């Protein structure tokens, strides 16, 4: 990776206009890495124009503000974070950019960049950014440290997931030692929940359907979300809580999005690999944590059936 970091730094030095993008429906890893990288570049090169773009996520607005650009400046560099496939990049047209860099920790789906900095053994994109910071000896501020730590903690679910490695702990320890980060202050804004979401969580657990082979699923309509006063991100906030239920091997939450004419599927597993199946349903991701974008409830039923077969096989 060190040679790739050197190539990335060379391109950052070359371009005066830099746009940083990430996937639609951003999580703390996508936003944390995006906002951190913007500040890293601005601190090192104050005269450069650096923009972090995409639709905001109100749930994580405390991480920082995003930029809006009416028109992409000529001769611009695009850096895409945490996004393996072109269709999920938020708010950019690749044709508008002279050069593209991809930094990601998901298995490769689309090769759309001039430089592919991809490590699917890394716990998060924030981990890759942190490794790059230390190798290139770039400056770290309190805000940069908080955003990177938040992204790593979120994507590893507080270091529970199996792609948390010794390198993850080494980098986080180095980050804390170097910046004196008060990491306990990171947890409250990340995990605090409104009462409406807790009540919604109770409904979800009471109404889970479970197949004989151990696939748990629930269909969450927009009407149901309105009834409980929650948004579509709420299901994502509780998806990992079923990891330690004995009778469940795979679980999937379907969330309706009428505005986009989509049904979003969040899929988790502690048994079979699910990312290849997710890719057949317009999604993808990690072996044990993936997502998909469906167009009908019948397609959701098909996904449950295929997950069921996956367990049997």
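Since every read-out is calculated from the coordinates, none of them should be taken as a lab result. The structure presented is a predicted model; accordingly, all values stated were derived computationally and were not measured. No Cβ is skipped: glycine too gets one built from the backbone with ideal geometry, and neighbour counts run over all protein chains shown.
Mind pulling the per residue volume of the convex hull built on the Cα atoms of segment 203-304? Å³ is fine. The partial results should precede the final answer.
Values: hull volume 9.6 nm³, N = 102.
Value for segment 203-304: 94 Å³ per residue.
What FRET efficiency would be calculated for the residue pair residue 58, residue 24, taking the C-beta separation as r and a Förster radius of 22 Å, to the nearest 0.05? The partial results should precede the final answer.
Working: r = 15 Å, r/R0 = 0.66.
E(calc), rounded to 0.05, equals 0.90.
For the chain, DSSP calls about 45 percent of its internal beta bridges antiparallel. Summarising the label geometry, the points placed 7 Å from Cα in the beta-carbon direction at residue 48 and residue 313 lie 4.4 nm from one another. Once every Cα of segment 141-253 carries one equal point scatterer and solvent is ignored, give the base-10 log of I(q)/I(0) from the Debye formula at q = 0.21 Å⁻¹, two decimals. Log10 I(q)/I(0), no solvent term: -1.12.
Take every pair of alpha-carbon atoms less than 8 Å apart whose residues are at least six positions apart; their mean separation over the length of the chain yields a relative contact order of 12 percent.
Run the paramagnetic zone check for residue 110: 7 angstrom along Cα to Cβ, then residues of segment 230-261 with backbone nitrogen under 19 Å. It comes to 260-261, nothing else.
If you stretched the chain out fully between residue 246 and residue 301, how much longer would it get, using 0.36 nm times the residue separation minus the C-alpha to C-alpha distance?
Numbers: separation 55, 0.36 × 55 = 19.80 nm, distance 2.32 nm.
Full extension of this stretch gives 17.5 nm more.
Stretching residue 3 away from residue 142 to a fully extended chain increases their span by 47.3 nm, per 0.36 nm per residue minus the current alpha-carbon distance. Alpha-carbon geometry of segment 27-119: the Rg and the Dmax are 13.0, 35 Å, given in that order. With respect to the chain, whose longest principal axis is taken over its alpha-carbon atoms, helix 166-179 is tilted by about 50°.
If I stretch the segment between residue 221 and residue 193 completely, what's the gain in nm (0.36 nm per residue apart, minus their alpha carbon distance), one decimal? Each step should come with its number before you reach the end.
Values: separation 28, 0.36 × 28 = 10.08 nm, distance 2.05 nm.
That pair, residue 221 and residue 193, stretches by 8.0 nm at full extension.
Using a Förster distance of 35 Å, how high is the FRET efficiency between residue 176 and residue 258, based on the Cβ-Cβ distance and rounded to 0.05? After rounding to 0.05, the efficiency reads 0.20.
Counting Cα-Cα pairs of segment 185-232 in 10 Å increments starting at 0 gives whole-percent bin shares of 23, 42, 27, 8, 0.
Spatial offset of segment 247-313 relative to segment 167-199 amounts to 28 Å, using the alpha carbon center of each. Can you list the residues of segment 213-237 with backbone N under 12 Å from a point 7 Å past the Cα of residue 207, pointing along Cα to Cβ? Hits in segment 213-237 for residue 207 at 12 Å: 218-229.
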